[in-house]
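Asker: Quick one: the structure is below, questions incoming.
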Amino acid sequence: MISIKNLSKKFKNETAIDYKDITFESGKSYVLLGASGCGKSTLLNMIAGILSPEKGEITIDGQNMCALSQKEKDLFRIKKIGYIFQDFKLITDMTVMDNINILKLEGVDTSRADDILASLDILDKKNKKVKNLSGGERQRVAIARAIVKSPEIILADEPTGNLNFTIGEAVIRQLTNIAKGKTLIAVTHDDRLCKYFDHVIDMNDMTGGRYDV
Ligand SMILES: Nc1ncnc2c1ncn2[C@@H]1O[C@H](COP(=O)(O)OP(=O)(O)OP(=O)(O)O)[C@@H](O)[C@H]1O
Ligand SMILES: [Mg+2]
């Protein structure tokens, strides 16, 4: 279970976001909707331990994330969280397989890579450089890299942001299938995709206020 309480983030440029309390139950899928800039990516980054809140609490399976050092947060993320970033963060000059195998440096077992690439219909691309793939193929490589370690928690920031609806819907079907039994928190701008998730959270209602001070 992931619980956020009294959470607030302030950036150096004085943008501040207050979040209302949210609980994400283990094994369920959630989709976050909300206007651009309302704080969706910031929330995922705080859950992943990449950003720290100014105040409030993020508890993951009983562990208070804010009590951990940055190194401990990084280790926690490597072990438990698969993160599909809004901008993929793939190394485009490397092949699909090398983008996945690079995780071995973090101690990740990548032996399931072929099976996962096959389940995402991109096994035939495994020796291609990422820069030679289409947007939809890159999206699926980003998903494969995030889930190869079988994380308990999957964070997916606009996993269909660069795709047309038909391909985006196929990717969401694949992602929600793969995430069965895990906790999935995804962000989308497309409310036609909400039906694939257990719960829909409107972040316009869940950010108590976004204000420039
Ligand atoms: N590193 C940063 N420094 C300063 N301000 C930031 C930073 N990151 C985010 N912000 C601000 O915080 C607010 C929330 O940003 P965030 O990226 O979380 O929005 P979002 O809901 O993910 O938007 P989008 O749907 O466009 O991706 C925005 O006003 C943004 O400008
Ligand atoms: Mg965002």
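Asker: Here are the criteria: (1) over 20 Å from ALA156 (Cα atoms); (2) more than 16 Å from ligand 1 (Cβ to nearest atom). Tell me which single one GLU54 does not satisfy.
Answerer: Going through the list (1) over 20 Å from ALA156 (Cα atoms); (2) more than 16 Å from ligand 1 (Cβ to nearest atom), GLU54 breaks only (2).
Asker: Would you be able to tell me the number of residues in segment 19-40 that are at pLDDT 95 or above and among the hydroxyl-bearing types (Ser, Thr, Tyr)?
Answerer: Residues that pass the stated criteria total 4.
Asker: A further question follows. Kindly evaluate LYS89 against the criterion of being within 16 Å of ligand 2 (Cβ to nearest atom) and under 28 Å from ASP191 (Cα atoms). First the steps, then the outcome.
Answerer: Numbers: within 16 Å of ligand 2 (Cβ to nearest atom): yes; under 28 Å from ASP191 (Cα atoms): yes.
Yes; evaluated as a whole, the condition is true for this residue.
Asker: Being surrounded by 16 or more Cβ atoms within 10 Å (Cβ to Cβ), within 16 Å of ligand 1 (Cβ to nearest atom) and either at pLDDT 95 or above or of a type in the set (Asp, Glu) (or both) is the filter here; which residues of segment 162-192 pass it?
Answerer: Those that are surrounded by 16 or more Cβ atoms within 10 Å (Cβ to Cβ), within 16 Å of ligand 1 (Cβ to nearest atom) and either at pLDDT 95 or above or of a type in the set (Asp, Glu) (or both): ILE185, ALA186, VAL187, ASP190.
Asker: Being under 14 Å from SER52 (Cα atoms) and part of a strand (DSSP E or B) is the filter here; which residues of segment 1-23 pass it?
Answerer: Of everything in segment 1-23, those that are under 14 Å from SER52 (Cα atoms) and part of a strand (DSSP E or B) turn out to be ILE4, LYS5, ASN6, LEU7, SER8, LYS9, LYS10, ALA16, ILE17, ASP18, TYR19.
Asker: Out of segment 65-86, which residues are away from ligand 1 (no atom under 16 Å from the Cβ), closer than 17 Å to GLU152 by Cβ and touching a strand residue (DSSP E or B) at 6+ places or on another chain (Cβ under 8 Å)?
Answerer: Scanning segment 65-86 gives MET65, PHE76, ARG77, LYS80, ILE81, GLY82.
Asker: Residues of segment 12-33 being under 26 Å from PRO151 (Cα atoms) and either of a type in the set (A, V, I, L, M) or within 14 Å of ligand 1 (Cβ to nearest atom) (or both), which ones?
Answerer: TYR19, ILE22, VAL31, LEU32, LEU33
Asker: So is SER150 more than 16 Å from the chain's Cα centre (by Cα), within 23 Å of ILE78 (Cα to Cα) and not acidic (Asp, Glu) or not?
Answerer: no
The values are calculated or read from the model by the stated rules, or taken from the named source; none is laboratory data. In this text the structure is predicted, and so the values were computed from the model without any measurement. Positions of Cβ are backbone-derived with ideal geometry, glycine not excepted, and every protein chain shown enters the neighbour counts.
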